[in-house]
Structure formats: C-alpha cells, structure tokens
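Notes to accompany the following structure.
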Amino acid sequence: MGGGAAGFFGAIACAEANPGQPVLLLEKTGKLLGKVRASGGGRCNVTHACDSAAQLVAHYPRGGKALKAAFQRFGVADTVAWFAQRGVALKAEADGRMFPTTDSSETIARALEDAARRAGVQVFTNTAVEEIMPLPGGGFQLQLAGTGRPGPTLAVARLLVATGGQPKSAQYDWLRPLGHAVAEPVPSLFTFNVPESPLRELPGVSVPRARVTLAGEKLHYEGPLLVTHWGVSGPAVLKLSAWGARRLSELNYTGTALINWLPDHTDDTLRPWLHQFRQENGRKGIAANPQLGLPQRLWRTLAEQAGIGPDVRWSDLAAKAQNRLLELLLRTPLAVRGKTTYKEEFVTCGGISLADIDLQTMQSRCAPGLHFAGEVLDIDGITGGFNFQAAWTTGFLAGQAMAQLGNTTAVPVAAVGA
C-alpha cells in the first residue's frame, strides 16, 4: 500500500534528498503501516543478516537475481544504518532474522512516521487513486475516489506506486492502461491443510529440522516444522510454498507432502542404525522410548502407525513393522488439500513485470516519471525479513531517483496505494 513499508521509505527518501519538493503519501485505507505492525508476531522482522548482495538474492524465488545490483546500492547494512541513524537499533537472532532491540513493531512504525514528518511528507489516509492519466507535458493526473482531500483530481510531477501485492489479477487493471505486463498473482508463503492428517492429534509438536518434499515434483525444503491442528506449518513448509508458489497453484493446492523427520539420514544410513540399535537395546520398549532426537509424542505416533504396539520391545519387532517405521521416519505421507495464509503476512507471487522497470531507478519503461516499489512488483522473498528488505531497497532507489529528476516545487510528487 502507499502507506506501507515501500511507500513510506520511498516518500522519505525523496523528501530528504530534495527538501524543497512537496511530497505526498496517499493511502487508500485509514490504517498506516499495517503490515509493518503485524510482521513477526508484532516484533517486525525488518531484514535478514546477509553479508552480501549475492547471499541476499538467494532468498528470493522471484526477482532476486534482477535486484542484485539494487541490493549492492542499498542492502542489509544500509537498512541497519538507516534505522540506527533514526535511533532504532536492530539485532540479529540465531537464524539471521533481524528485529528492533525493543522487540516491538511499533518502534519501526514510529520511526518511519517520525522520519516522514520531519522530512515534510504530507500523509493523506482514506485517499484512493482510481486512475492514473499521463499528462501531455509530463507528469500525471490522478483521479481520486470520493470527495476526500486533496480533491477529486490531483496533478503530480512524478509518481511512486507502492500498493503491495494483490491477490487477484483484476486488481492490477488500473495499471494495465499504462502499458505494463502483469505476472498473474498467486499466493506465496502459506501453510498446508491436511484434513486427514495422521498427525492430527499432535498440534504444537515441532522439530528443529525436517525436509518437506512434494511427491512427484522437484520441490523440497529443509527447516523447522510445526504440526498444527489443520496440517503442517513452520519455515520448511512456508519456504517450500514460496519456491513452489506457481506449481502449487497449478495443482490447486493438492498433492502429497513427504516429511523426512531425519534429513541427515537416508535408507542406506538409517537401516544399519536401526539394526545396530536393535541388537544393543533389545529389551527396551519401542513406543515409550523415543530415539534420534524426535519428540516423544511424534515418535509414539509414528510407531503406532507402523503397527508397533505400546508393549513391543526391539527384540520382538517384526521385519515388516521395522520397514514401515523406517519408511515413516524418512517419508511420512501427508495428503495436502488446500492452504492457509500464514498469520497476517500474506505475500503474493506476481505483479508488475520487472522487464518493464529500470532497476537502477525503479522507473517504468512504459511511462517516464512513474516508479514502482515493493510487492506490487513481481518480487517476493521467503519468510525471514526478505520481503521487507526488498521494500526498503526498491523504495529508497525510487525515492532517490524521483528527487533527482529536477526541482519542480510548484507541483508535488506522490507515493500512492490503491
């Protein structure tokens, strides 16, 4: 949205780089920075600790490689420095995610709002742009909805569109007359619904590392996995959904997810381990004594599904049951039947094609003076702060470019959401 991360960052960058230029920020709704406030469970995952642009781009299923040069100009270190200069310190957690040291998203939202106010950005809420009309001499006339300020039409010298990802293709129709191709939007970063899950009695059980594979597809990802009352979630599933967003859409979010609970093992390594453990621990009960670092409830459930009763000892384990247990440890099948949005962090795969954008300035190749930033573009990252980093980078580059296109103090520039 215009009042989101990319819109605010672009407006601030433009206003700070050209203090004499009026800068307007137009937000369709009455709420500013809603996604910033919701991110990270209210902590705001601002960015991710990556040392280089090359390391950063590896976390974007779409758009990352195209943005490598942009990340070199404004990357993670620049984001950390930007917030530090405005009194907000960030910290990196063990998994690389970076949050404000206050652990409050309000810290980030207030920093952006304060920076915009100090830079002289004029913020208008409940102001929707319905149409963008290029003017013959340059600039744009915006057709606004309703009778809210600043009026039914507004002329601007330059324009930044930062409307965020949109779930439906029709929501990009207002931009298509300007000549832009749109990569059809589909959801990214979602969890798997498994209505008939064999793990349905285990909500809340998690493992720090599992490999999730979509059967029959070249799609897999490793990471923490969480069993939920509706299916499975956690970074392993969310990241798989991002890399496989288009293919999963084609499959109508149905298929079989295979869970390897022991990603360091294969059939060739787990079978001899089981054999040796069985020889050395024949008197031990199986179901009541979890092995290989797995949670007790999960181990017991897998044993039950393998046909191993609560009183069976390792020395009494039938070969068929042992083979079944091995199969479940390495390939527990889950029948995926749909998806669920991850918390409030909806991310869209798709948007304005990057082929139509000058990635040095984020300016449209179709309409000079028109810039784009954030998720309205065909850019999306996996969970972990990468989508915000793309918003900061594209917003900053767009704002800087808009400020350098000449001083037209009589006519404002605008960042909009629609």
Q: Return a yes/no flag: does the range 357-376 have any residue that is among the acidic types (Asp, Glu) and closer than 30 Å to ARG271 by Cβ.
A: no
Q | Positions within the range 299-313 being of a type in the set (A, V, I, L, M, F, W, C) and either assigned to a helix (DSSP H, G or I) or within 14 Å of LYS284 (Cβ to Cβ) (or both), in sequence order | A | TRP299, LEU302, ALA303, ILE308, VAL312
Q. For the range 351-379, which residues satisfy the criterion of being under 14 Å from GLY179 (Cα atoms), touching a strand residue (DSSP E or B) at 6+ places or on another chain (Cβ under 7 Å) and among the hydrophobic types (A, V, I, L, M, F, W, C)?
A. ILE352, LEU354, ILE357, ALA367, LEU370, PHE372
Q: Of all residues in the range 314-336, count the ones that are part of a strand (DSSP E or B) and surrounded by 16 or more Cβ atoms within 10 Å (Cβ to Cβ).
A: 4
Q. Which one is nearest to SER249 (Cα to Cα), of the residues in the range 167-195 that are among the aliphatic types (A, V, I, L, M) and either free of Cβ contacts under 8 Å to residues at least 40 places away in the same chain or touching a Pro at 6+ places or on another chain (Cβ under 8 Å) (or both)?
A. ALA170
Q) Of the numbered conditions (1) at pLDDT 95 or above; (2) in a strand (DSSP E or B), ALA236 satisfies every one except a single condition; which is it? A) (2)
Q: Please work out which residue is surrounded by the most Cβ atoms within 10 Å (Cβ to Cβ), limiting yourself to the range 48-89 and to residues that are touching a Gly at 6+ places or on another chain (Cβ under 6 Å) and either modelled with pLDDT under 95 or farther than 18 Å from SER188 by Cα (or both).
A: HIS48
Q) Here are LEU225, LEU199: which of them is more than 15 Å from THR256 (Cα to Cα), touching a residue at least 24 places away in the same chain (Cβ under 8 Å) and either more than 18 Å from the chain's Cα centre (by Cα) or not in a helix (DSSP H, G or I) (or both)? A) LEU225
Q: Check THR101 against each of (1) in contact with a helix residue (DSSP H, G or I) (Cβ under 9 Å, 6 or more places away or on another chain); (2) surrounded by 14 or more Cβ atoms within 10 Å (Cβ to Cβ); (3) without any contact (Cβ under 8 Å) to a residue 24 or more places away in the chain; (4) not acidic (Asp, Glu) and name the one condition it does not meet.
A: (2)
Q.
I'd like to check which helices (runs of 4 or more DSSP H) are fully inside the range 27-111 and have at least 1 residues that are of a type in the set (Ser, Thr, Tyr).
A. 34-42, 76-85
Q. Somewhere in the range 166-184, is a residue in contact with a strand residue (DSSP E or B) (Cβ under 9 Å, 6 or more places away or on another chain), farther than 30 Å from GLY137 by Cβ and crowded, with 22+ Cβ neighbours inside 10 Å?
A. no
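Condition check ((1) surrounded by fewer than 18 Cβ atoms within 10 Å (Cβ to Cβ); (2) aromatic (Phe, Trp, Tyr); (3) touching a Pro at 6+ places or on another chain (Cβ under 7 Å)) across all residues:
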residue: TYR221; (1), (2), (3): no, yes, no
residue: LEU251; (1), (2), (3): yes, no, no
residue: THR256; (1), (2), (3): yes, no, yes
residue: ASN260; (1), (2), (3): no, no, no
residue: GLY282; (1), (2), (3): yes, no, no
Q. What are the residue pairs meeting all of these: first residue in the range 258-276, first residue closer than 26 Å to SER233 by Cβ, second residue assigned to a helix (DSSP H, G or I), Cβ atoms under 6 Å, and 6 or more apart or on different chains?
A. LEU258/ARG331; ASN260/LEU330; TRP261/LEU329; LEU262/LEU329; LEU270/LEU326
Q | Checking THR348 against (1) assigned to a helix (DSSP H, G or I); (2) modelled with pLDDT under 95; (3) not hydrophobic (A, V, I, L, M, F, W, C), the condition it does not meet | A | (1)
Q: Considering only the range 108-165, state which residues are in contact with a Phe, Trp or Tyr (Cβ under 8 Å, 6 or more places away or on another chain), surrounded by fewer than 17 Cβ atoms within 10 Å (Cβ to Cβ) and closer than 22 Å to GLN404 by Cα.
A: ALA155
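The values are calculated or read from the model by the stated rules, or taken from the named source; none is laboratory data. Quick caveat, the model's predicted, so the values are computed rather than measured. Reconstructed Cβ throughout: ideal geometry from the backbone, glycine too, with neighbour counts over all protein chains shown.
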